[in-house]
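The values are calculated or read from the model by the stated rules, or taken from the named source; none is laboratory data. All values reported here derive from a predicted model rather than from experimental measurement. Ideal geometry is used to build each Cβ from the backbone, glycine not excepted, and the neighbour counts take in all protein chains shown.
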Amino acid sequence: MNPERNTARSIGQLMCHTTRQILWAPARQWVSQHSRGSTLSCRVGSGQATYHRYDPRIRQHQITYGVRMIMAKQQAETATGWLSSREILQRRYFGGELTTLNLLAHTCCHEFAHLLQHSAGKRFHGSVHNRHFYEILDQLHASGGAEAARDYLTELARQQGLPLPHEPFEIVQPQQLAANWQVGDAVRFGHGQTQHHGKIIRVNRKTCTVAGTGPSRGVRYRVPVSLLGTPDS
């Protein structure tokens, strides 16, 4: 495993610890009132998928933080395409300032808000990021819970000598990124088993239309420009 991935995994473990100690501990009794005996398991996944799930058989909530998600939130080019970035900017969380530290602390809050949303019975099929979810997420920030999570994550990282940059990103507009590509360019996107290769057949303002090549031949994709890379990069 390369050093960058090792570091991201270690940061993910700190996010798990922050979620359990700062977010779960004060909410556990409330959650138990809605689902007696509920527990929480946090883990670091090998991909970029980051999510909350609930297993009713064992009454266990599970939050997964993808190691590739953590890596992506280390720089503006790959961080700004995430929903967490749009939430910070649009809802003015942490003063609307995009930094690696703010993004990862907010990610803890975002996934924990899904846990609270599920416990309250407000998560519905086809309606996940709904009004109820954002009421919960807004409250986590307004109550100081998000700030406490950020402070705790900062201190854990300091103790272990792990980098959690707090310098604001220079926002890269999609139009600027789109200017780096042209029709005919060979590109890749995705990671691991979900990685695809193709050629750009259209450049739009915020996305590129890509015709798959190799195993992806015959499929067209519309890919945000922030997620495109060259095949050898």
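Among the residues that make up segment 56-68, is at least one of them closer than 23 Å to residue 206 by Cα, surrounded by 14 or more Cβ atoms within 10 Å (Cβ to Cβ) and in contact with a helix residue (DSSP H, G or I) (Cβ under 9 Å, 6 or more places away or on another chain)? There is at least one residue in segment 56-68 that is closer than 23 Å to residue 206 by Cα, surrounded by 14 or more Cβ atoms within 10 Å (Cβ to Cβ) and in contact with a helix residue (DSSP H, G or I) (Cβ under 9 Å, 6 or more places away or on another chain). Name the residues in segment 117-136 that are of a type outside the set (Gly, Ala, Ser), touching a Phe, Trp or Tyr at 6+ places or on another chain (Cβ under 8 Å) and buried (at least 18 other Cβ atoms within 10 Å of the Cβ), would you? Across segment 117-136, the qualifying residues are 117, 118, 123.
Among the residues examined, residue 219 does not qualify as of a type in the set (Val, Ile, Thr), touching a Leu at 6+ places or on another chain (Cβ under 7 Å), at pLDDT 80 or above and not assigned by TED's automatic domain parsing to the domain that holds residue 71. Looking only at residues in segment 182-216 that are modelled with pLDDT under 85 and of a type outside the set (Lys, Arg), the one that is farthest from residue 81 (Cα to Cα) is 193. Here is a check on your reading of the model: is residue 64 among the hydroxyl-bearing types (Ser, Thr, Tyr), over 16 Å from the mean Cα position of the chain (by Cα) and at pLDDT 95 or above? Here the answer is no, as residue 64 does not meet what is asked. Among the residues here, residue 111 qualifies as of a type in the set (D, E, K, R) and under 12 Å from the mean Cα position of the chain (by Cα). At least 2 residues being touching a strand residue (DSSP E or B) at 6+ places or on another chain (Cβ under 7 Å) is the threshold, and among the helices (runs of 4 or more DSSP H) wholly inside segment 1-118 those reaching it are 3-18.
Of the residues making up segment 97-117, those that are closer than 16 Å to residue 134 by Cβ and among the small types (Gly, Ala, Ser) number 1. Report yes if some residue within segment 75-85 is closer than 19 Å to residue 152 by Cβ and under 18 Å from the mean Cα position of the chain (by Cα); otherwise report no. Yes, the conditions are met somewhere in segment 75-85.
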